[in-house]
Amino acid sequence: MDHFQNNINEKSISSFQKLQLELSHVIESTTAGEKLPSEPKLAKKLGVSRATLREAMRAFEGLGLIRRKQGIGTFVIGPTPVIETGLEVLESIESLSAKIGLKVKMGDLTIDHFKADQKFGENLGIEIDSPVISISRVILTENRPIAYLVDVISEELFSPKDLENGFTGSVLDRLIASNNFVLSKSKTFINAVAASSIIARALEIQRGDVLQLFIAYLYDDKGKVIDYSYSYFIPGYFNFHVVRRIK
């Protein structure tokens, strides 16, 4: 809990910082895997409103110290290896986790077939009503969801047969191995967003919790968009960085 305790003078800190300090003591004294007291009980014990308590808990959840499950409660979790990577090279979660010996696996998988509307037509550079395939899945480590990934691809380029044998969750790895095209680059937009009810259920977190969102366009060597994706990552399990040169 050094994130909050280092160099703190309890007489000079704000009431919210004091709440975080007290909450850190509660988390420290709870064995990994055990559930914290319910929000009403914990809020009463710490003398704050439930809304203020939730706000304080978000920081600890972002650090990967606790995990809130919708309708079940909040659990203390043990230290988890962090997937740390630069954004200069595009790699799958599977490839990144293998480098640090972290075992990940695919959870719920949903494959939808539909006709491209204007949004997906523009994002993929295809005609409206063209057949597309959406691949949504949860990525887990130690049975804890850490990411929710969605890839949308034209069925001309990526058919359900491409997912039949040994698919473990990485569409990127399947695309790299494909003989239908040569991938060249990815353009990615990065934002912090609040989890919607659908995403919160998939990741077993609270609606409104902050997530890292990557919206990406994957191009072939001819400049055509092969894959349009949006990926939600739970902070605390990922540490992304960029190496920048001096002009």
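Here, each number is a calculation from the coordinates, and none is a lab measurement. The structure presented is a predicted model; accordingly, all values stated were derived computationally and were not measured. FYI the Cβ positions are ideal-geometry reconstructions off the backbone, even for glycines, and counts take in every protein chain you see.
A Förster radius of 45 Å, combined with the Cβ-Cβ distance separating Ser184 from Arg207, puts the computed FRET efficiency at roughly 0.75. Site pair Asp112 and Ser130 shows an inter-label distance of 1.9 nm when each label is modelled 7 Å from Cα along Cα→Cβ. As a calculated quantity, the FRET efficiency between Ser29 and Leu90 at R0 = 35 Å, using C-beta atoms, amounts to about 0.25.
The loop-placed trypsin sites (Lys or Arg not before Pro) in region 130-192, going by DSSP, include none that has at most 11 neighbouring Cβ atoms within 10 Å of its Cβ.
Which pairs, out of Lys115/Lys222; Lys45/Lys103; Lys35/Lys161; Lys18/Lys99; Lys99/Lys185; Lys41/Lys99, put more than 31 Å between their alpha-carbon atoms? Over 31 Å apart, Cα to Cα: Lys45/Lys103; Lys35/Lys161; Lys18/Lys99; Lys41/Lys99. For the pair Glu142 and Lys18, the difference between a 0.36 nm per residue extended length and the Cα-Cα distance amounts to 41.4 nm. With a cut-off of 9 Å between beta carbons, the residues surrounding Asp129 carry a summed charge of -1, where Lys and Arg count +1 and Asp and Glu -1. As a length-normalised measure over Cα pairs under 8 Å and 6 or more apart, the relative contact order of the chain settles at 19 percent.
Using +1 at the C-beta of Lys and Arg and -1 at the C-beta of Asp and Glu, which of Pro145, Ile215, Leu172 has the Cα lying farthest in the positive direction of the dipole of the chain? Of the listed residues, the answer is Pro145. Taking label points 7 Å from Cα along the Cα-to-Cβ direction, Ser159 and Lys222 give a separation of 1.9 nm. For the chain, the equivalent ellipsoid derived from the alpha-carbon gyration tensor has semi-axes of 39, 19, 17 Å in decreasing order.
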